[in-house]
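Visitor: Before I ask anything, here is the structure I am working with.
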Amino acid sequence: MEYETHDYDVLVVGAGGAGLRAAIEASAGGVKVGLLCKSLLGKAHTVMAEGGIAAALANVDDRDNWKVHFSDTMRGGQYVNNWRMAELHAKEAPDRVRELEAWGAVFDRTTDGRILQRNFGGHRYPRLAHVGDRTGLEMIRTLQDHGVHRGMDVHMEFTVVSLLKDGGRIAGVFGYERERGRFKVFRASAVILATGGLGRAYRITSNSWEGTGDGHSLAYHSGAELIDMEFIQFHPTGMIWPPSVQGILVTEGVRGEGGILVNKEGRRFMFDDIPEPYRNQTADNEDEGWRYTQGDKSARRPPELLTRDHVARCINREVREGRGSPHGGVFLDIAWIRKRMQNSEEHIRRKLPSMYHQFKQLADIDITKEAMEVGPTTHYVMGGVRVDADSQMSNVPGLFAAGECAAGINGANRLGGNSLSDLLVFGKRAGEYAAQYAREHPRPAFDLAQADEAAHLAVQPFEPGRSENPYTIQHELQGAMQELVGIVRQENEMVTALEVVEKLSTRAATAAVHGHREYNPGWHTALDLRHLLTVSEAIARCAIERRESRGGHFREDYPEKVSEFGKVNMVVRKTATGSMELQRVPLAEMPPELKQVIEENK
Amino acid sequence: MAQATFRVWRGASGGQFHDYTADVVPGMVVLDAIHQIQATQAGDLACRWNCKAGKCGSCSAEINGKPRLMCMTRLNDLPLDEPVTVEPMKAFPPIRDLVTDVSWNYTVKKKIKPFKARKPDAPDGTWRMSQSDVDRVQEFRKCIECFLCQDVCHVLREHALHPEFIGPRFLVYTAALEMHPLDDEDRLADLKGDHGIGYCNITGCCTKVCPEEITITENAIIPLKERVVDRFYDPVKRLFRVFSG
Ligand SMILES: Cc1cc2nc3c(=O)[nH]c(=O)nc-3n(C[C@H](O)[C@H](O)[C@H](O)COP(=O)(O)OP(=O)(O)OC[C@H]3O[C@@H](n4cnc5c(N)ncnc54)[C@H](O)[C@@H]3O)c2cc1C
Ligand code: SF4
Ligand code: SF4
Ligand code: FES
């Protein structure tokens with residue numbers, strides 16, 4: 001078949017923070033850059049980020065520096081992070097944030113006119129550069145508006161269906177444009193995956209329709225290794241009522257600004273369970289916690305700002321033990337601060353404008369006056385494409401990954417705010433190294449038979465005689481993952497989940513789509529199923545294999561941490577026969593200087 | 001369970017309305033109904049959405065004739081004893097069902113001179129701004145690019161002056177840049193010329209539909225118009241400029 005074909009040196013798949021930052025850097029490297037995204041430009045997940053960007057600028061607390069940020073990130077990730085990525089991230093994030101300001105981003109300010117930083121879970125000092133609670137919008141708009149003047153070509157509403165190869169190396173991508181449903185081929189010397197997360201594998205999620213794990217799955221099917229897939233972040237505070245808004249995120253910034261979690265008895269249950277590694281840094285009374293949120297440097301942080309995995313489990317426990325709120329969550333209360341400050345209502349509206357708006361409009365709740373009802377929601381995946389820390393290249397030559405679809409920096413649990421900074425730091429690095437790779441290698445050749453095969457598979461759902469509804473399959477998969485591979489896991493349930501995935505894969509192969517190829521969401525849903533099923537299988541397999549509890553991965557049958565598992569990552573790859581293979585791979589030895597940094601910041 | 005009828009536009013220009021019945025649950029928004037119809041009755045019903053929380057500006061449509069975000073329009077705010085009509089924005093070429101071709105907006109934006117930072121204030125290459133300066137531009141920077149204001153503006157919707165007028169969204173964008181505490185660029189000549197600010201006759205319709213509650217007319221357009229007038233029509237200033245070169 002013949003396809004409309006485009007040629008690039010560097011092709012970036014995904015226009016969230018990571019993809020945009022990568023495309024900007026690759027363009028600066030003097031090569032021809034193409035940028036693809038499934039939605040319109042500026043609508044990627046990054047736009048929804050609320051709380052802020054973590055960077056040790058030390059504008060609010062001068063005790064902060066990269067070493068503290070590095071140690072916080074490693075502790076949060078329970079030490080199975082890629083330490084080199086955590087180090088680069090902590091060192092480079094401040095420059096990446098300042099660069100955004102130079103490109104026009106406007107952050108909230110300190111009284112002396114510098115970038116203001118706020119408190120967030122697991123960060124020792126106020127560290128998140130922010131603009132109210134719409135930091136992601138500021139970031140994506142800044143990158144987008146800066147980027148379009150840098151010479152890159154943007155192809156919006158284009159979905160990559162498979163990666164093309166030239167022998168062992170990457171050669172480009174194949175996919176369809178939404179509007180007319182036409183197939184296109186993009187040839188490129190280097191491809192950067194920046195496709196974000198996979199929250200749509202679960203029923204309750206903060207993620208949009210885009211979060212179907214495409215990059216994870218595309219990489220896997222083209223021979224790249226994935227790691228840490230068992231580590232899923234369930235954000236403790238998603239909306240739970242009314243049903244229509246279930247899963248929508250309530251930013252951690254609410255707690256950063258003094259919001260507290262209480263059960264139906266009015267008890268601040270987070271004080272009841274403070275994990276050992278955090279005991280020294282956590283307030284043991286309400287007054288100290290409040291003073292911390294108001295910038296008192298001698299105070300320790302309130303337990304609501306412990307890491308997300310822990311807070312989510314505590315909420316889960318309250319609900320299970322019958323102390324939950326009417327709709328099966330707990331209460332998140334920011335209105336209470338009126339006891340501590342005048343003008344509290346105005347203060348809340350100014351600090352958390354979009355949360356105010358969101359609850360007012362969608363739940364008929366005025367958060368300046370009443371408590372919110374919240375519960376855990378599937379939010380983020382720590383696992384992803386295994387990459388080289390410095391260059392972000394995967395084990396497939398020419399294939400890079402950055403942002404949420406790459407793995408390593410977060411280990412077993414991500415700290416809030418560390419994603420936006422990750423996108424900037426590693427987006428830039430991926431762009432830089434991909435441009436270098438493209439300059440050093442000739443344009444690849446490839447056999448169009450690969451595209452023909454992908455095209456053939458892609459149009460199968462239109463063939464007559466099929467009956468499976470792709471939406472139903474997606475829904476059933478989400479239900480199974482939610483129930484069987486959720487916050488609290490058990491071996492037998494996860495084995496059942498694998499069986500469900502297998503059955504659904506068979507059914508997905510006969511999914512039927514009505515109508516034609518032009519802007520047909522039924523077709524898009526059918527094609528995304530392969531990715532969702534692939535990542536679901538990877539999550540379940542890794543989660544079964546890690547027989548311990550750590551970070552985002554909690555096993556009821558193995559509730560403790562096991563030191564042996566603290567030394568390995570789970571690596572997933574596709575075998576020659578097409579089956580999924582799992583391997584425990586030892587972590588790289590941390591250099592003594594970094595060990596010492598961690599020791600000093602214990 | 002309670003049900004409601006949704007009269008949804010199907011097809012492109014030559015399309016027609018089609019009635020669907022959907023179950024109504026508490027708190028439901030129009031986008032939920034569209035999703036329900038997709039999943040159970042019309043798998044190929046085309047619409048855009050991402051965040052489902054009024055943050056991304058993807059799900060713009062006309063609901064009962066009003067430009068609104070589908071994800072922020074609650075069913076309990078609509079009369080459900082009659083069909084709820086849902087149709088695409090009218091100021092842009094239709095693609096299919098609820099999806100329109102908004103690419104013109106991206107082209108327009110690229111024509112506006114980008115942000116240009118003044119020299120850094122501090123030796124370390126950073127700037128100082130006060131929170132009050134920041135607050136002034138925040139209103140404009142909240143824009144989620146839903147293009148509902150573009151949809152409602154008669155200059156674009158009725159007169160189709162797309163080639164000559166950038167529309168309220170991009171007047172807001174220009175205001176955000178012009179009032180940015182660090183920006184050093186000058187966009188007034190463009191505003192008066194190619195960007196056609198003169199076409200706006202301050203009807204205020206754009207402000208009324210903005211889901212982000214940006215006071216587009218009073219806070220963005222009028223101040224820009226005043227700046228243009230000051231620069232190009234104030235005789236004293238013009239004379240001054242002639243003499244000072
Ligand atoms: C509500 C919410 C609030 C958050 N708040 C914060 C916060 O305050 N701080 C923080 O650090 N993190 C936060 N996060 C997490 C953070 O926003 C995300 O992890 C991050 O934005 C992901 O960025 P990304 O660039 O990796 O991918 P995304 O922004 O998800 O972008 C993915 C891109 O890839 C494209 N794509 C995907 N698949 C394909 C395909 N097959 N073909 C073509 N294109 C494709 C998509 O269209 C999109 O453009 C939040 C997340 C959510 C949901
Ligand atoms: S005020 Fe101006 S820009 Fe806004 S709708 Fe009216 S004419 Fe259009
Ligand atoms: S100004 Fe308001 S209505 Fe116009 S695009 Fe922005 S958010 Fe939408
Ligand atoms: S889906 Fe994002 S604004 Fe409606």
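Visitor: For A:VAL374, only one of the following conditions fails: (1) open to solvent by less than 30 Å² (accessible area, probe 1.4 Å); (2) within 13 Å of chain B (Cβ to nearest Cβ). What is its number?
Guide: Of the numbered conditions (1) open to solvent by less than 30 Å² (accessible area, probe 1.4 Å); (2) within 13 Å of chain B (Cβ to nearest Cβ), the odd one out for A:VAL374 is (2).
Visitor: Does the range A:109-132 include one or more residues that are part of a loop (DSSP other than H, G, I, E, B), within 16 Å of ligand 4 (Cβ to nearest atom), modelled with pLDDT under 95 and within 14 Å of another protein chain (Cβ to nearest Cβ)?
Guide: no
Visitor: Which pairs turn up if I take residues in the range A:15-34 that are more than 14 Å from A:THR46 (Cβ to Cβ) and look for partners that are at pLDDT 95 or above and among the aromatic types (Phe, Trp, Tyr) with beta carbon separation below 6 Å, at least 6 apart in sequence or on another chain?
Guide: If the second residue must be at pLDDT 95 or above and among the aromatic types (Phe, Trp, Tyr), the pairs left are A:LYS32/A:TYR8; A:GLY34/A:TYR8.
Visitor: Would you confirm whether or not the range B:48-62 contains a residue that is open to solvent by 60 Å² or more (accessible area, probe 1.4 Å) and either of a type outside the set (A, V, I, L, M, F, W, C) or facing chain A (nearest Cβ under 7 Å) (or both)?
Guide: No, the conditions are met nowhere in the range B:48-62.
Visitor: On the basis of being hydrophobic (A, V, I, L, M, F, W, C) and within 25 Å of B:ASP32 (Cα to Cα), does B:PHE92 make the cut?
Guide: It is true that B:PHE92 is hydrophobic (A, V, I, L, M, F, W, C) and within 25 Å of B:ASP32 (Cα to Cα).
Visitor: Has the range A:74-81 got at least one residue that is of a type in the set (Ser, Thr, Tyr), at pLDDT 95 or above, under 30 Å from A:ALA299 (Cβ atoms) and part of a helix (DSSP H, G or I)?
Guide: No, because not a single residue in the range A:74-81 is of a type in the set (Ser, Thr, Tyr), at pLDDT 95 or above, under 30 Å from A:ALA299 (Cβ atoms) and part of a helix (DSSP H, G or I).
Visitor: Same structure again: Kindly indicate which of A:GLU440, A:GLU404, A:GLU432 is open to solvent by 20 Å² or more (accessible area, probe 1.4 Å) and more than 24 Å from A:HIS89 (Cβ to Cβ).
Guide: A:GLU440
Visitor: Can you tell me which of A:THR368, A:THR293 is in contact (Cβ under 8 Å) with a residue 40 or more places away in the chain, at negative phi and polar (S, T, N, Q)?
Guide: Going through A:THR368, A:THR293 in turn, just one is in contact (Cβ under 8 Å) with a residue 40 or more places away in the chain, at negative phi and polar (S, T, N, Q): A:THR293.
Visitor: Give me the helices (runs of 4 or more DSSP H) completely within the range A:448-518, filtered to those with at least 2 residues that are within 14 Å of chain B (Cβ to nearest Cβ), ordered by residue number.
Guide: By residue number, A:470-484.
Visitor: Which residue out of A:PHE107, A:PHE120 is hydrophobic (A, V, I, L, M, F, W, C), open to solvent by less than 20 Å² (accessible area, probe 1.4 Å) and without any contact (Cβ under 8 Å) to a residue 60 or more places away in the chain?
Guide: A:PHE107
Visitor: Checking B:LEU148 against (1) more than 13 Å from chain A (Cβ to nearest Cβ); (2) within 15 Å of ligand 2 (Cβ to nearest atom); (3) more than 11 Å from the chain's Cα centre (by Cα), only one condition comes out false. Which one?
Guide: Only one criterion in (1) more than 13 Å from chain A (Cβ to nearest Cβ); (2) within 15 Å of ligand 2 (Cβ to nearest atom); (3) more than 11 Å from the chain's Cα centre (by Cα) is unmet by B:LEU148, namely (3).
Visitor: Looking only at the range A:549-602, which residues are open to solvent by 50 Å² or more (accessible area, probe 1.4 Å) and part of a strand (DSSP E or B)?
Guide: Within the range A:549-602, A:ARG573, A:LYS574, A:GLU581, A:LEU582, A:GLN583, A:ARG584, A:PRO586 qualify.
Visitor: Go over the candidates A:GLU345, A:GLU288, A:GLU318 one by one and state the one that is among the charged types (D, E, K, R), assigned to a helix (DSSP H, G or I) and buried (at least 18 other Cβ atoms within 10 Å of the Cβ).
Guide: A:GLU318
Here's the yes/no breakdown for (1) assigned to a helix (DSSP H, G or I); (2) at pLDDT 95 or above; (3) open to solvent by 30 Å² or more (accessible area, probe 1.4 Å); (4) within 14 Å of chain B (Cβ to nearest Cβ):
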{"position": "A:ARG21", "(1), (2), (3), (4)": "yes, yes, no, no"}
{"position": "A:GLU25", "(1), (2), (3), (4)": "yes, yes, yes, no"}
{"position": "A:VAL47", "(1), (2), (3), (4)": "yes, yes, no, yes"}
{"position": "A:GLY51", "(1), (2), (3), (4)": "no, no, no, yes"}
{"position": "A:VAL60", "(1), (2), (3), (4)": "no, yes, yes, yes"}
{"position": "A:ARG84", "(1), (2), (3), (4)": "yes, yes, yes, no"}
{"position": "A:ALA90", "(1), (2), (3), (4)": "yes, yes, no, no"}
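Visitor: Still on this model: Yes or no: A:VAL173 part of a strand (DSSP E or B), of a type in the set (Val, Ile, Thr) and within 21 Å of the chain's Cα centre (by Cα)?
Guide: no
Visitor: Does A:GLN361 satisfy being out of contact with any strand residue (DSSP E or B) (no Cβ under 9 Å at 6 or more places or on another chain) and open to solvent by 50 Å² or more (accessible area, probe 1.4 Å)?
Guide: Against the criterion (out of contact with any strand residue (DSSP E or B) (no Cβ under 9 Å at 6 or more places or on another chain) and open to solvent by 50 Å² or more (accessible area, probe 1.4 Å)), A:GLN361 does not qualify.
Visitor: Of the residues that make up the range A:209-226, is at least one assigned to a strand (DSSP E or B), touching a Phe, Trp or Tyr at 6+ places or on another chain (Cβ under 7 Å) and either free of Cβ contacts under 8 Å to residues at least 12 places away in the same chain or away from ligand 2 (no atom under 16 Å from the Cβ) (or both)?
Guide: yes
Visitor: Do we have B:GLU185 as more than 16 Å from ligand 1 (Cβ to nearest atom) and either at pLDDT 95 or above or part of a loop (DSSP other than H, G, I, E, B) (or both) here?
Guide: yes
Visitor: More than 10 Å from chain A (Cβ to nearest Cβ), without any contact (Cβ under 8 Å) to a residue 24 or more places away in the chain, crowded, with 16+ Cβ neighbours inside 10 Å and not in a loop (DSSP other than H, G, I, E, B), is that true of B:ALA22?
Guide: Answer is yes for this residue.
Each row is one residue, and each column tells you yes or no for (1) under 17 Å from B:LEU177 (Cα atoms); (2) more than 16 Å from ligand 3 (Cβ to nearest atom); (3) part of a loop (DSSP other than H, G, I, E, B).
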{"residue": "B:ILE202", "(1), (2), (3)": "no, no, yes"}
{"residue": "B:THR207", "(1), (2), (3)": "no, no, no"}
{"residue": "B:GLU212", "(1), (2), (3)": "no, no, yes"}
{"residue": "B:GLU218", "(1), (2), (3)": "yes, no, no"}
{"residue": "B:ILE222", "(1), (2), (3)": "yes, no, no"}
{"residue": "B:LYS225", "(1), (2), (3)": "yes, yes, no"}
{"residue": "B:ARG231", "(1), (2), (3)": "no, yes, no"}
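Visitor: Anything in the range B:200-224 that is away from ligand 4 (no atom under 16 Å from the Cβ) and open to solvent by 40 Å² or more (accessible area, probe 1.4 Å)? List them, or say none.
Guide: Within the range B:200-224, B:ASN201, B:ILE202, B:THR203, B:CYS205, B:LYS208, B:THR215, B:GLU218, B:ASN219, B:ILE222 meet the criteria.
Visitor: What residue, among those in the range B:88-112 that are in contact with a strand residue (DSSP E or B) (Cβ under 6 Å, 6 or more places away or on another chain) and open to solvent by 30 Å² or more (accessible area, probe 1.4 Å), is nearest to the other protein chains (Cβ to nearest Cβ)?
Guide: B:ASP101
Visitor: Mind checking which residues of the range B:29-44 are surrounded by 24 or more Cβ atoms within 10 Å (Cβ to Cβ), more than 7 Å from every other protein chain (Cβ to nearest Cβ) and out of contact with any Phe, Trp or Tyr (no Cβ under 7 Å at 6 or more places or on another chain)?
Guide: Result: B:VAL30, B:ILE34.
Visitor: Now for a separate question. Listed residues B:ASP32, B:ASP23, B:ASP19; which is more than 16 Å from ligand 1 (Cβ to nearest atom), at pLDDT 95 or above and under 14 Å from B:ARG7 (Cβ atoms)?
Guide: After ruling out the rest, the residue left standing is B:ASP19.
Visitor: Exactly one of these conditions fails for A:GLY136: (1) in contact with a Ser or Thr (Cβ under 6 Å, 6 or more places away or on another chain); (2) within 14 Å of another protein chain (Cβ to nearest Cβ); (3) part of a loop (DSSP other than H, G, I, E, B). Give me its number.
Guide: (3)
Visitor: Just to be sure before I move on: is A:ASP333 modelled with pLDDT of 95 or more and touching a helix residue (DSSP H, G or I) at 6+ places or on another chain (Cβ under 7 Å) in the structure I sent?
Guide: No.
The values are calculated or read from the model by the stated rules, or taken from the named source; none is laboratory data. Here the structure is a predicted model, which means the values were calculated and not measured. Methodologically, a virtual Cβ is constructed for each residue, glycine included, from the backbone with ideal geometry; neighbour enumeration extends over all protein chains shown. For the accessible areas, the whole protein counts, side chains as well, though only heavy atoms, and no ligand, DNA or RNA atoms are used. Shrake-Rupley method; radii C 1.70, N 1.55, O 1.52, S 1.80 Å.
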